Structures are given as structure tokens and as C-alpha cells.
Amino acid sequence: MTAIRSGAKATHRKYDGAWPWLFVLPLLIGVVGFYVWPIIQTAYYSFTTWGVFGGSTWTGGANYAALFADPQLYRSLLNTVIYTAIVLLGVPLSVWLASLLNTPGLRFVQFYRLLFFLPYVAMPVAISLVWRMIFNGDFGLLNWVLKLVGIHGPYWLTTEWFALIAVSIVGLWSSLGFSMILLGAGLKNIPPDLYEAAELDGASRPRQFFSITVPLLTPSIFFVLIITIISSFQLFDLLYAMLGAHNAVMPKTMSLVFYFYQSGFINNDKGFASAVAIFIFALIGVITLVQFRLQRRWVHND
Amino acid sequence: MTDVSAAARTRRGSRGRRPSHALIHVVLGIGGFLMAVPFLWQIIMSLSTNAEVQSVTPVFWPQHLEWGNFTQVFAQMPFLSQLRTSVIITVIRTFAQIVLCTMAGYAFARMRFPFKGVLLGVVLSILLVPSQAYLISQYQIVQGLGWLNTLLGLVAPGLFSAFGTFLMRTAFINMPRELEEAARIDGANPIQIFWRVMLPLARPSISALAITTVLFSWNELLWPLVVANDPANMPLAAGLATIAGDVTVNYPVLMAASLLAMAPVLIAFIVMQRRVIDGLASSGLK
């Protein structure tokens with residue numbers, strides 16, 4: 001901004017002429033055509049009802065009225081919140097693991113990083129199919145392990161709640177490594193002499209962890225929390241691939257995004273699905289806003 | 001100063017270090033093993049018979065290694081055409097995003113043009129919007145263009161990235177201006193400056209952008225599922241999700257297929273581990 005103003009004063013030219021447009025227009029056309037305009041259109045669609053043979057009519061708030069009257073919305077929201085809560089359990093776990101991985105002089109660090117990060121780069125659909133076998137009620141690896149300790153495992157993927165828990169476990173498993181990497185970058189910024197001083201003062205390892213590591217890591221932890229919550233609210237791939245779209249337990253397990261997909265592309269009700277989409281958009285906006293408000297209370301910035 | 005750290009070191013070295021490191025290795029080892037189990041189990045299942053996979057007592061080492069499961073993948077699903085589709089989508093998107101996002105990012109970082117602030121705000125606002133909020137309308141557009149079930153339709157919206165533009169703008173805005181000034185005085189035009197001076201400097205950010213785009217394109221499910229309904233036209237992720245519902249395909253073949261589908265990205269990751277992790281950590285977002 002200041003560059004523009006001072007440029008105007010100093011020279012005869014305020015702008016760089018046609019060059020910037022050459023650089024920026026190809027992207028702008030695509031972003032406006034495929035993103036900005038579609039968002040506006042989706043907002044408009046959410047107030048229309050679509051005929052079976054195409055064509056749509058303005059029906060005002062009818063979709064929203066139907067949406068908020070649909071028990072499936074609240075169940076999907078509850079499922080998404082539960083999924084997010086379970087995946088969030090991975091954040092303290094990843095703080096702990098990342099700090100262990102950051103131990104000075106530790107061997108095999110690269111190897112551990114590789115292992116923890118594998119789930120994040122693996123195709124969610126492909127790895128979900130493996131988990132589907134592990135959670136199988138008859139011959140799954142998990143129920144076999146449970147049986148060793150005397151527990152009779154459930155039919156995970158066809159039983160209410162257990163299906164959601166199974167999907168959440170996989171969600172936690174696949175997000176752990178990415179959180180650890182982000183936190184690891186934050187840990188590198190903590191000056192090592194703080195630990196040396198604490199050690200001289202006789203502070204124990206757990207004491208150092210809670211008095212030095214955690215407080216100084218709060219900006220990274222906050223960032224990881226936001227990313228985890230936003231990406232958990234986008235739950236779709238794992239759910240779709242682990243349970244299958246036609247699983248009888250799906251209505252009791254589906255996430256908000258699956259609810260959106262089902263409305264728009266299985267039930268083919270594009271107007272209603274647009275209302276679902278706008279609802280998800282608003283919800284994520286509110287959550288992000290609340291988080292940034294809360295951030296001021298506990299994030300340690302200097 | 002040296003005394004302090006030396007004292008701390010000897011104290012740790014004499015008593016603390018060895019045992020506590022052993023404990024750390026136990027914790028990280030168990031964690032790492034749990035991370036690796038599904039992959040190991042997948043490899044074992046892909047080499048087993050259907051009966052072995054469904055055995056109530058798990059068969060950890062199949063009697064014969066059933067390599068035939070892998071050839072069955074190609075017989076039972078259009079794997080090669082799906083692989084080709086995945087490769088084409090990923091390559092085109094990555095190339096397009098690198099070109100378009102670096103150019104736009106550079107203009108937003110360094111050039112002066114009317115409405116710059118507003119336009120940048122418009123692009124960045126996309127970052128706050130979940131993909132559902134434009135998916136239906138994108139589908140309408142692609143349908144209107146007659147691109148359903150085509151490569152064009154699969155590739156189209158992903159050619160453009162608000163995130164990539166943001167990433168590249170950040171990269172360029174943090175670079176010193178002196179080099180550009182020098183090139184300008186030498187009479188280079190903006191394209192030459194961008195191409196010869198700025199792009200080479202932005203290489204780390206470009207590779208971060210490439211990594212995120214490759215991961216996203218290769219693994220993406222929702223958009224291909226919506227745009228392509230014929231398995232022959234799908235990329236691998238959507239193809240796998242579709243074949244998984246087919247009861248005629250047995251479990252070991254399914255495991256072999258999923259292993260083959262994620263292998264290219266996993267191998268690339270293992271080979272370039274450090275660069276990928278650093279790139280993703282610096283980009284901060286998928």
C-alpha cells in the first residue's frame with residue numbers, strides 16, 4: 001500500500017502498466033471462475049428448490065427450515081464433534097512424542113520421523129481398506145488381540161458408536177505425525193540453555209516439560225489445534241472408505257460432509273445440499289473465530 | 001558458560017543419559033510400531049490367500065507368497081487406466097499450480113497495479129471456505145461444459161490454488177529487493193527478472209507447493225467421486241473406493257490394489273523424506 005503511494009509521488013507512473021495483469025490474470029480468472037463465483041452461486045442455490053428435470057425455483061428459506069428440522073443434521077453434527085474430540089486427544093500425545101523426539105543426541109530420529117509420518121502421506125482410501133480388515137468383527141486383527149486379553153470384541157464397522165470410534169481411531173492415527181512435525185518445528189525454537197539452567201536448578205524431566213516446553217510451545221500448539229479441528233470437520237474419505245456408502249450403520253455414523261454428499265449426490269437434492277454447505281461454512285467460521293478469541297487467554301506470545 | 005553446559009553434560013552423561021534414552025526409545029518404538037502395523041499387515045495380506053486372510057487366528061506368514069494377487073489387480077479392475085488418470089491429473093495440476101501461483105504470487109508481492117489489495121483479499125478469502133461451499137456449483141459448471149467423466153473435468157478446479165498463491169506471495173515478499181533492482185538497471189524486463197532472478201530464489205517454496213499439490217491430487221476422493229461415475233475414468237482413490245464395494249473382488253486382491261495405489265507416493269516420500277517433511281512443516285497446511 002505504502003509502495004503504491006510513494007511510487008505515485010516519486011515518479012510519473014503510479015502502476016507498472018500491463019505487466020502485472022499478465023502475471024496475475026491467468027490465476028485470477030481461474031480462482032474467480034472456479035471458486036469465488038461458485039461460492040456465490042452455492043449461497044444462491046441454498047434458497048432454491050431443484051426440479052427433477054433441471055430448473056430451479058426460488059423458495060426462500062425452505063431448505064434451511066427443512067435442514068434444521070432434519071434429525072439427521074443433528075446426528076451428523078454430533079458424530080463430527082465426537083470424531084473431532086477423539087482426534088484432538090492426539091494433540092497432547094503428539095506434544096509428548098514430539099518433545100521426546102527432540103531429545104538432544106537421540107539416535108534413529110530420522111527413522112522415527114519416517115514411521116510417524118507414513119500414515120499422513122498414505123492415501124486415505126487405500127489405508128482405510130486395510131483398517132477395514134483390522135476392524136473386521138469375525139477375523140480382524142484387533143479383535144484377535146482383544147481376545148488375547150479376554151475381551152470379546154464387537155462388530156466394529158456395523159455397530160452404532162463402535163463404527164464412529166473405529167473411524168476416529170484411524171483419524172487420530174493418521175494425524176499424529178503431521179502434528180508432531182509442526183510441533184517439532186516449534187520445539188527447535190526453544191533455546192536449549194533454558195533446559196540446561198533448569199537442570200542445574202535440579203528440575204526433573206517432567207517439571208521441565210510442563211514449565212518450559214509446554215508454555216513456550218503454546219503458539220505451535222494453538223496452530224495444531226486449529227488445523228486439527230478444521231480438518232476433522234472435513235471428515236469424509238476415511239468414513240466413506242471404511243464403512244462404504246451403503247452401510248446400514250451409516251445414518252448413525254455419518255459426518256457433516258457425508259451428509260452434504262448424500263444430500264447433493266445420492267439424493268440429488270442440490271438446493272438442500274447447498275444449504276448444508278453454507279451451514280458447514282458458517283459453523284467453521286464461528287469455530288475459527290472463537291478459537292482466535294480464546295487464543296489471547298492462553299497462548300504465550302512474546 | 002562452557003563450564004555450565006559441561007557440568008550439565010557430565011551429570012547427564014554419567015547417570016541420566018543412558019537409561020532415560022532407553023525409555024525414550026521404548027516409547028517411540030512402540031508408537032512407531034503402531035504406526036507401521038497397518039502397512040506391514042497390508043503387505044502380508046496382499047501375499048496371502050483369501051482363506052488365510054479370513055482365518056480367525058491370524059496367519060502372520062502365508063504358506064505360499066501369492067504374487068498372483070498382484071496380477072489379479074490388473075484383471076479385476078481397470079487399474080492401469082486409473083493409474084494413468086491419477087498420474088496425468090497430478091502432473092498437470094502440479095505444473096499448472098507452480099506456473100500460475102508463482103506468477104500471481106510474484107505480482108501480488110512486488111508489482112503495482114490497481115485494486116491489488118482487493119484482489120488479494122478475494123483470493124485469500126477462499127482459504128477460509130470449506131470445499132463443500134463451492135463443490136456443487138463447480139459440478140454444475142463442469143457438467144455445463146460437458147466435462148463430466150473426462151480428464152478435463154477431473155483436473156479443472158485444481159489447476160488454480162489460493163493456498164499456493166498465498167504460499168508464493170509470502171516467499172517473494174520476504175526476498176531482498178536489491179537483486180531485482182540490479183537486473184532492472186541492466187535492462188531486464190519483468191518476465192526476465194521473474195524467470196532468471198526470482199524463480200531460482202523461490203525454489204524451496206516451490207518444492208513445498210509441489211509436495212502439497214502432489215499429495216492432495218493423488219489422494220483426493222470427493223471431487224473425482226462426483227465428477228466421474230465410470231470406474232474406467234476414475235483416478236485411483238475413487239476407483240479403489242468403488243471396487244471396495246464389489247463383493248466379487250476378494251480381500252487379498254483388494255489389499256494388493258491398495259498397496260499398489262499408494263506405493264508411488266509412499267516411495268517418493270521415503271526417498272525424499274527430509275525435504276517432504278520440511279516442506280510440509282513450512283507450508284503449514286495440506
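Quick note: the coordinates plus some simple rules give every number you see, no bench work behind them. Please read these numbers as outputs of a predicted model, since none were measured by experiment. Every residue, glycine as well, gets a Cβ built from its backbone with ideal geometry; the counts of neighbours run over all protein chains shown.
A few points about this structure:
- Projected onto their three principal axes, the Cα atoms of the protein assembly as shown cover extents of 83, 82, 48 Å, largest first.
- Sparse-neighbourhood loop sites, chymotrypsin sites (Phe, Trp or Tyr not before Pro) in segment A:83-113 - DSSP loop, at most 15 other Cβ within 10 angstrom: A:Phe108
- Rg/Rh for chain B stands at 1.09; both radii use Cα atoms, and Rh follows the Kirkwood definition.
- Ranked list, fewest to most other Cβ atoms within 10 Å of each Cβ, for B:Thr57, A:Thr213, B:Thr90: B:Thr57, A:Thr213, B:Thr90
- For segment A:171-185, 3J(HN,Hα) per residue [Karplus equation, 6.51 cos²θ - 1.76 cosθ + 1.60, θ = phi - 60°, Hz, x = Gly/Pro]: x, 5, 4, 7, 9, 4, x, 5, 4, 4, 5, 5, 5, x, 4
- Counting Cβ atoms of other protein chains within 10 Å of each residue's Cβ and taking the mean over peptide B:125-131 gives 6.
- Counting Cα-Cα pairs of segment A:163-302 in 10 Å increments starting at 0 gives whole-percent bin shares of 10, 28, 28, 18, 11, 5, 1.
- Ordering of A:177-184, B:134-141, A:24-31 by burial proxy (mean other Cβ atoms within 10 Å per residue, highest first): A:177-184, B:134-141, A:24-31
- Its Cα centre serving as origin, the protein assembly as shown has a Cβ charge dipole (Lys and Arg +1, Asp and Glu -1) of approximately 1600 debye.
- In plain terms, the residue of A:Val87, B:Val53, A:Val36 with the fewest other Cβ atoms within 10 Å comes first and the most crowded comes last, giving A:Val36, B:Val53, A:Val87.
- Distance histogram in 5 Å bins (all Cα pairs of segment B:89-225, percent per bin): 2, 9, 18, 19, 18, 14, 9, 6, 3, 2, 0
- Using the alpha carbons alone, the radius of gyration of segment A:100-211 stands to its Kirkwood radius in an Rg to Rh ratio of 1.14.
- Average partner coverage of B:94-105, which counts Cβ from other chains inside 10 Å: 3
- Between segment A:234-291 and segment B:169-228, the Cα center-to-center distance that results, in Å: 34
- Mean ellipticity per residue at 222 nm, deg cm²/dmol - from DSSP H runs of n ≥ 4 across chain A, formula -39500 (n - 2.57): -21000 deg cm²/dmol
- Globularity ratio of segment A:1-154, using Cα Rg and 2.2 N^0.38 Å: 1.83
- Net charge in the neighbourhood of B:Pro190 (other residues with Cβ under 12 Å of its Cβ; Lys, Arg +1, Asp, Glu -1) is +2.
- Descending principal axes extents, segment B:34-146, alpha-carbon based, whole Å: 71, 39, 26
- Residues A:Glu196, B:Glu178, B:Glu52, sorted so that the one with the fewest Cβ neighbours within 10 Å comes first: B:Glu178, A:Glu196, B:Glu52
- A:Val290 versus B:Val197: modelled label distance in nm, points set 7 Å from Cα along the beta carbon direction: 4.9
- Proportion of all alpha-carbon pairs of chain A beyond 28 Å (%): 57
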